[in-house]
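A short worksheet on the structure shown next.
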């Protein structure tokens with residue numbers, strides 16, 4: 001493995017600058033390498049410390065990031081992680097998230113370049129949640145936890161600087177969203193009455209894993225009145241059924257986030273599979289709720305086998321099959337859940353944390369250079 005000094009001595013690999021916070025921030029901003037917030041200067045020493053938690057060649061790409069198809073080498077990822085304020089021990093999770101979101105089913109090119117306001121959401125499961133103190137409880141999607149904030153920000157800086165998702169150029173989102181700054185959360189496995197998301201998707205409970213979804217921001221669902229599983233599920237289903245949801249037009253896999261209180265009530269009467277079946281059947285939009293232009297140009301075409309000549313009270317399902325729906329338990333106390341629609345033309349990807357030799361990682365210390 002080449003050492004860092006050798007890699008940085010290659011043409012274009014580094015820039016000499018005064019190690020001054022304001023000077024380096026102005027340089028980063030002038031070159032278009034930032035997200036609009038101040039960055040931590042990615043000095044050689046800070047990048048070297050980040051790479052102490054990398055067990056693979058620093059100059060060999062782990063993925064190619066669209067729309068520019070830039071090569072995400074550990075060296076470049078480490079620089080972006082430093083800029084974001086990551087601790088070095090967060091670095092293995094950053095590499096895993098980037099690898100997962102660059103896999104074909106997610107369609108990162110579409111997620112990055114679309115006019116839609118989606119961003120890659122990373123849900124973390126397993127022992128690494130406790131090891132890195134990733135928040136899955138109160139305010140899980142908000143501020144207050146360094147791991148959530150800085151890993152998510154490092155992902156965004158990498159998507160900008162390596163992938164070329166520059167607003168108005170590579171990233172054509174009409175509105176953008178706060179999720180484009182940072183979008184990392186843990187599942188609240190302790191508070192969940194069901195098997196966690198990564199177990200449902202084929203891994204053991206003791207495996208550390210990420211699930212990446214090309215997602216909108218969470219849409220809050222308030223239900224303080226329902227006392228039964230059916231009541232809460234009806235409220236969630238009613239909140240999912242909106243005519244402008246991208247998932248309607250694709251075989252997509254949107255996400256329902258259940259707060260622990262709602263999840264406990266629902267689990268008293270439903271398995272997770274049964275809850276998915278209920279939501280799939282009841283999360284619907286009536287044909288008359290779409291414009292006639294949408295009916296003619298999208299509904300008749302997309303659902304030509306069932307709705308070639310639709311009646312006003314015919315239903316369109318938000319999710320086509322129960323197994324297409326994801327459910328995760330996130331958050332703290334409070335009778336709330338959330339619906340997280342997706343870009344539509346995207347499928348979630350779940351990947352386990354593994355070392356360079358393909359073995360499951362027991363800890364981020366498995367990645368540390370010896």
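The values are calculated or read from the model by the stated rules, or taken from the named source; none is laboratory data. Only a predicted model underlies this, so the values are computations on that prediction, with no experimental measurement involved. Cβ: placed from backbone, ideal geometry, glycine included. Neighbour counts: every protein chain shown.
A few remarks follow.
- Among (1) within 16 Å of residue 162 (Cβ to Cβ); (2) part of a loop (DSSP other than H, G, I, E, B); (3) at pLDDT 95 or above, the one test that residue 13 misses: (3)
- Residue 163 touching a strand residue (DSSP E or B) at 6+ places or on another chain (Cβ under 8 Å), over 23 Å from residue 85 (Cβ atoms) and modelled with pLDDT of 95 or more: no
- Subset of segment 203-237 [in a loop (DSSP other than H, G, I, E, B) and surrounded by fewer than 19 Cβ atoms within 10 Å (Cβ to Cβ)]: 204, 205, 206, 217, 224, 225, 226, 227, 228
- Residue 96 vs. criteria over 22 Å from residue 146 (Cβ atoms), crowded, with 20+ Cβ neighbours inside 10 Å and either modelled with pLDDT under 95 or touching a strand residue (DSSP E or B) at 6+ places or on another chain (Cβ under 8 Å) (or both): no
- Screening segment 269-370 for strands (runs of 3 or more DSSP E) wholly inside it with 1 or more residues that are at positive phi returns no ranges.
- Output for segment 33-48, where each listed residue is surrounded by fewer than 16 Cβ atoms within 10 Å (Cβ to Cβ) and more than 24 Å from the chain's Cα centre (by Cα): 43, 44, 45
- Test result for residue 328, touching a helix residue (DSSP H, G or I) at 6+ places or on another chain (Cβ under 9 Å), surrounded by fewer than 18 Cβ atoms within 10 Å (Cβ to Cβ) and at pLDDT 95 or above: no
- Any chance residue 305 is farther than 23 Å from residue 338 by Cβ and at pLDDT below 95: yes
- Checklist (1) surrounded by fewer than 19 Cβ atoms within 10 Å (Cβ to Cβ); (2) in contact with a helix residue (DSSP H, G or I) (Cβ under 6 Å, 6 or more places away or on another chain); (3) in contact (Cβ under 8 Å) with a residue 40 or more places away in the chain applied to residue 194, failing item: (1)
- Of everything in segment 169-189 that is at pLDDT 95 or above and out of contact with any helix residue (DSSP H, G or I) (no Cβ under 8 Å at 6 or more places or on another chain), the residue that is surrounded by the most Cβ atoms within 10 Å (Cβ to Cβ) is 179.
- Counted as qualifying within segment 76-163 are the helices (runs of 4 or more DSSP H) with 1 or more residues that are under 25 Å from residue 345 (Cβ atoms), namely 91-101, 108-113, 146-161.
- Taking segment 238-265 as the range and being in a helix (DSSP H, G or I), over 26 Å from residue 105 (Cβ atoms) and in contact (Cβ under 8 Å) with a residue 40 or more places away in the chain as the test, the residues that pass are 238, 239, 260, 261, 262, 263, 264.
- Residue in segment 164-188 that is farthest from residue 263 (Cα to Cα), counting only those that are outside any loop (DSSP other than H, G, I, E, B) and touching a residue at least 12 places away in the same chain (Cβ under 8 Å): 171
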